[in-house]
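Since the structure comes first, as structure tokens, the remarks are kept for the end.
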Amino acid sequence: MTGVNFHGIWAIYKFEMARTLRTLWQSVVTPVITTSLYFIVFGGAIGSRIDSIGSVNYGSFLVPGLIMLSLLTQSIANASIGIYFPKFTGTVFELLSAPISAVEMVIGFVGAAATKSIVIGLIILITSAFFVPLRIDHPAAMLAFLVLTSVTFSMFGFIIGIWAKGFEQLNIVPALLVTPLTFLGGAFYSIDMLPEPWRTVSLFNPVVYLVSGFRWSFFGQGDVSIGWSLGVTGLFLLLCLGLIIAIFRTGYRLKN
Amino acid sequence: MQSILSVSQVSKTYGSGHKALDHVDLEIRRGEIFALLGPNGAGKTTLISIICGIVTPSTGTILVDGHDAIRHPREARSRIGLVPQEIAVDMFSTVASTMRFSRGLFGKKPDQAYLDQVLKDLSLWDKRDAKIMELSGGMKRRVMIAKALSHQPEILFLDEPTAGVDVSLRRDMWKMIGKLREQGTTIILTTHYIEEAEEMADRVGVINKGQLLLVEEKAVLMKKLGKREMDIALVEPMTAVPVELNEWHLSLEDEGHRLRYVFDAQAERTGIPSLLRKLADLGIGFKDLDTSKSSLEDIFVDLVEHKEASNEGAVA
């Protein structure tokens, strides 16, 4: 067998997407309900008492941050469980013994996880239109950020799934690192609202750049420049890619 | 006959320092059934896992149909199907969908007609739309075989294929393995059931403590190493073997009711006529004679024990 194993990539992608359909309620409906609750609480109850941020009312301002919050958590969760579960059940032997390269395997798993996240992001976007007035100044950039963030954090989730030795470790990074960074990364506020030194400290949080870039694609305004947002997101993508290549080269936590 | 699999100087030392394989050399002939025998922890599964790409060898080379399994894993792996010891399959998938997944994973384009035939051959046709979690243990094991066959491998590894399977299903699997061989598939199986190797294998390899002790044609092995036993049923039981019979090294069995004589069937002189004459001279009456040949299991146990004894001797 020579060339790219397209059948193998498609088999993994289809299997992972079928898993989503089997757990449709958990995979799609739960994040939609959770996000709607955010809109009701932060957008409706609390947001009505907050002034506009720049030229954007607070309810609309929340939309990119909430989508980004879901993208990060869903991408990590989907990709990490996708590779961790075969390790846990022992079915990983089939992946390791198949004529499929590391890159092809990653395309299958990460592609499926990113697809799910993008679908969820779009569903949240549509849901939000029922709660707040929406405008998207740069739709192509919005879609590009949606895809880039989903792929990057699906790769990050894939790494966590390989690293994790148990379900506790599987949840520890998203719960103790990603969610706090997202909450502190300007999902619900502009970092310009923070006093110094917290504003400067926030600039070391990579999620700030993701949220800011995504928000720029909606309203043409962000906490940092679009160049910085793209640069940091691209850098994180390359870092994840490098780690995955190293994992497959060394067989880290996959092979004895 | 041409080799389809060539294992050369393969060793494996795990991170813990445990040496699972020690410079193993093995040639597998195209189209044969090869049985790898060995006690628990002998290195059977490690060897299979290395060939299939699941475990990385410390040293050595593996050629699968001429393709280096480490440098060109894609070409090598596409020719191999593996049925692991444990039932490891996504329990939420249906039988048919998990087979389609395996075929796709190994880079083969869809061929429902072929998969349907495999389902029928393995008596899984009626269960094709059932979720795997709903199947019995025996059926799940068939699904594992169906998955391994779904990409039409030239070499099929069966790691303890009938462990925990009832006698009837075991017989069915033996028939199925025979049929695969007729179709040209090379089969390598590890087993604890010596009768399985005795029933099916063309050649037998014995591995213990990471070392391949021997590889031999099954028939030649049984002929070469096979011993025969003769049980002599006595008219009157005895408490000890008379000293006059010492040269035959007899043992007393069944609370003194039987004398057992172990002899080499291939030897020019078996010693049986002289033994019977001596018994008559001593007035020891017997009412029955029963001879039996040693099984592959006896040979295997002898080999492993002999090797262990010689190793202990070397250490001492």
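The values are calculated or read from the model by the stated rules, or taken from the named source; none is laboratory data. Predicted model only: the values in this text are computed from it and were never measured. No Cβ is skipped: glycine too gets one built from the backbone with ideal geometry, and neighbour counts run over all protein chains shown.
Quick notes
- Taking segment A:71-90 as the range and being surrounded by fewer than 23 Cβ atoms within 10 Å (Cβ to Cβ) and either hydrophobic (A, V, I, L, M, F, W, C) or part of a helix (DSSP H, G or I) (or both) as the test, the residues that pass are A:73, A:81, A:85, A:86, A:87, A:88, A:89.
- Selection over segment A:1-37 of residues that are of a type outside the set (Val, Ile, Thr), free of Cβ contacts under 8 Å to residues at least 60 places away in the same chain and more than 12 Å from chain B (Cβ to nearest Cβ) gives a count of 4.
- Residue B:159 vs. criteria at the interface with chain A (Cβ under 8 Å from one of its Cβ atoms), within 25 Å of residue B:54 (Cβ to Cβ) and not hydrophobic (A, V, I, L, M, F, W, C): no
- Residues satisfying the stated conditions in segment B:117-143, i.e. over 26 Å from the mean Cα position of the chain (by Cα) and surrounded by 15 or more Cβ atoms within 10 Å (Cβ to Cβ): B:127, B:128, B:130, B:131, B:132, B:135
- Residue count, segment B:60-97 (criterion: surrounded by fewer than 24 Cβ atoms within 10 Å (Cβ to Cβ), assigned to a helix (DSSP H, G or I) and within 9 Å of chain A (Cβ to nearest Cβ)): 4
- Output for segment A:93-152, where each listed residue is within 14 Å of another protein chain (Cβ to nearest Cβ), among the acidic types (Asp, Glu) and in contact (Cβ under 8 Å) with a residue 12 or more places away in the chain: A:104
- Criterion applied to B:227, B:218, B:223 was being within 30 Å of residue B:36 (Cβ to Cβ), at pLDDT below 90 and exposed (fewer than 15 other Cβ atoms within 10 Å of the Cβ), and the one residue passing it is B:223.
- Screening segment A:37-58 for residues that are more than 17 Å from residue A:219 (Cβ to Cβ) and of a type in the set (Gly, Ala, Ser) and picking the one that is nearest to the chain's Cα centre (by Cα) gives A:44.
- Residues that are on the phi < 0 side of the Ramachandran plot and free of Cβ contacts under 8 Å to residues at least 60 places away in the same chain number at least 1 in the following strands (runs of 3 or more DSSP E) confined to segment B:172-218: B:211-217.
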